[in-house]
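Undergrad: My structure is below; once you've seen it, I'll send some questions.
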Amino acid sequence: MKIIDKKQLAPAIVKFLVEAPLIAKKAQPGHFIILRYQENGERIPLTIADFDREKGTITLVCQGIGKSTEEINQLPIGASFLDLLGPLGQPYPIKKLGTVVCVAGGLGVAPLYPKAKALHEAGNKVISLIGAQRKEMLIMTEEMAAVSAELQFSTDDGSFGYHGFITDPLRAVLTREKVDEVVAVGPVPMMASAVKVAKEFQVPVVVSLNALMVDGTGMCGGCRVTVGGETKFCCVDGPTFDGAAVDFKELMMRQRYYRDQEQEAVHCCKSCKLEEVGK
Ligand code: FES
């Protein structure tokens, strides 16, 4: 579980190349792992953003948005994670469909990339649309370009590509040509919007949900989502689901549950650091 290489992709976003031969051997697009970096540490679910079976490595992309993820991103090359559990979840089924539009927002590019790559290798025409808050937050653009027949960008502040949400270019592509499937990965409101647009054009849409997870094996119920009126667990039934059937309203509500505790944990840690500096 050693970190072989590490690269800062954007502010607070780090890519790790990790030695994990047993996971690499079985990994498929859509799979994820659960990572613990220290004893008593939080369990962090991260998508397998790439894998190399021959070299026995997997690629993980981590955004420092809380206490644990910020600490993980500080780990140096040569350090080891305490444990990695995986591959977990159901793989995204790769088929030759024709034209597939892959839409990602923010960190969603990391879980989208292995799907886009496999779709490309299966002979599909892949049109990729990537959105971010600003230019410096766009990640894995070269990797996405290598597997896409067409690649468009959007930024919220207009610093690169289309000025606005990525769902506008999605609407333009669906208006322009026949598309066989849309794959959308990113923040929940972005996926909900992409699903709405795909539904308008009656195009099947697949999403990868980033629900809160604890054990990752279907036992705690923390990652439950409602899909087609039925309760599903993201960790064992997903994280890939038929986007048209997902109850996004409920998912958004559940994602707000632990926000206060997380902010408290981060604040406590930073305050402690400030006190130490002041000594
Ligand atoms: S993370 Fe516990 S049931 Fe899915």
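Undergrad: What single numbered condition from (1) touching an Asp or Glu at 6+ places or on another chain (Cβ under 8 Å); (2) surrounded by 15 or more Cβ atoms within 10 Å (Cβ to Cβ) fails to hold for Met191?
TA: For Met191, the exception is condition (1).
Undergrad: Scan segment 217-237 and report the pairs whose first residue is closer than 15 Å to Pro87 by Cβ and whose second residue is more than 10 Å from the ligand (Cβ to nearest atom) and among the aromatic types (Phe, Trp, Tyr), with Cβ atoms within less than 9 Å and a gap of 6+ or a chain change.
TA: Cys234/Phe241; Cys235/Phe32
Undergrad: Related question: For residues that are surrounded by 18 or more Cβ atoms within 10 Å (Cβ to Cβ) and farther than 18 Å from Ala194 by Cα, tally how many sit in segment 122-140. Full working, then the answer.
TA: Taking segment 122-140 and keeping what is surrounded by 18 or more Cβ atoms within 10 Å (Cβ to Cβ), we get 124, 126-132, 137-140.
Next, only the ones that are farther than 18 Å from Ala194 by Cα stay: 124, 137-140.
Residues in segment 122-140 being surrounded by 18 or more Cβ atoms within 10 Å (Cβ to Cβ) and farther than 18 Å from Ala194 by Cα: 5 in total.
Undergrad: Taking the residues in segment 226-249 that are within 22 Å of Leu35 (Cα to Cα) and among the β-branched types (Val, Ile, Thr) as candidates, determine which candidate is farthest from the ligand (Cβ to nearest atom). Explain how you work it out, then say what you get.
TA: Quick first cut of segment 226-249, residues within 22 Å of Leu35 (Cα to Cα) only: 233-240.
In the following step, the residues that additionally are among the β-branched types (Val, Ile, Thr) were identified as 236, 240.
On the way: Val236: 6, Thr240: 14 Å.
By that ranking, first place goes to Thr240.
Throughout, read-outs are computed from the coordinates displayed, never taken from laboratory work. None of these values were measured; they are calculated from a predicted model. Backbone-built Cβ (ideal geometry, glycine too); neighbour counts: all protein chains shown.
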